[in-house]
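Asks: Here's a structure for you.
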């Protein structure tokens, strides 16, 4: 049986936000594993979809080039995932945003991941950043 068509992505946006309580635990764990100081910021990578698909037994994996995003969530206008390390933003800048149903056949959205365009705010004042709930409305 052929899987349904992949979601139609129309934009990608990187937005810096205040870490929520769960993110603070993740940041503490990451900081304990790696001595480099991570900013106390959560970067939301929001992928706006033309239409948010209905829940189904079949899912689509999200990729930046060949990197499989391990987990993403739904919001009103699409999907999003979180990044805590600014080096990730640098590493995948310019990467193709793709979906795959099996890890070997890919559907390219035609979009490129870029943290340099739009929405990114300075990470030096986390308390001045908007809460995630405001950014995911």
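Asks: Using the 10 angstrom Cβ neighbour count as an exposure proxy, how do 38, 30 rank, fewest first?
Replies: 30, 38
Asks: If you don't mind, there's one more thing I want to ask. Would you mind pulling out the separation of the Cα centroids of segment 15-42 and segment 66-112, in Å?
Replies: 20
Asks: Going by alpha carbons, how many degrees (0 to 90, nearest 10) lie between the helix axis of 21-33 and the longest principal axis of the chain?
Replies: 80
Asks: Can you put 45, 79 in order, fewest other beta carbons within 10 Å first?
Replies: Neighbour counts put them in this order, fewest first: 79, 45.
Asks: A further question follows. Could you line up 109, 133, 42 from fewest to most neighbouring Cβ atoms inside 10 Å?
Replies: Exposure proxy ranking, most exposed first: 133, 109, 42.
Asks: When the helix-only estimate is applied to the chain (DSSP H runs of n ≥ 4, each -39,500 (n - 2.57), divided by the residue count), what is the mean residue ellipticity at 222 nm, nearest 500 deg cm²/dmol? Present the calculation step by step, with values, prior to reporting the outcome.
Replies: Numbers: 3 runs with 23 residues, N = 137.
It lands at -4500 deg cm²/dmol.
Asks: Looking at the square roots a ≥ b ≥ c of the eigenvalues of the Cα gyration tensor of segment 9-129, which shape do they give, rounded for a/c under 1.5, prolate if a/b is larger than b/c, or oblate?
Replies: Prolate is the answer for segment 9-129, as a/c is 1.5 or above and a/b outweighs b/c.
Asks: Along the Cα-to-C-beta direction of residue 128, a point sits 7 Å from the Cα; which residues of segment 1-43 have their amide N less than 18 Å from that point?
Replies: So the set is 15-19, 39-43.
Asks: Classify segment 43-108 as rounded, prolate or oblate, taking a ≥ b ≥ c as the square roots of the eigenvalues of its Cα gyration tensor: rounded when a/c is under 1.5, otherwise prolate if a/b is larger than b/c and oblate if not.
Replies: oblate
Quick note: the coordinates plus some simple rules give every number you see, no bench work behind them. Here the structure is a predicted model, which is why all the values come from computation and not from measurement. All Cβ positions, even for glycine, are placed from backbone atoms using ideal geometry, and neighbour counts span all protein chains on display.
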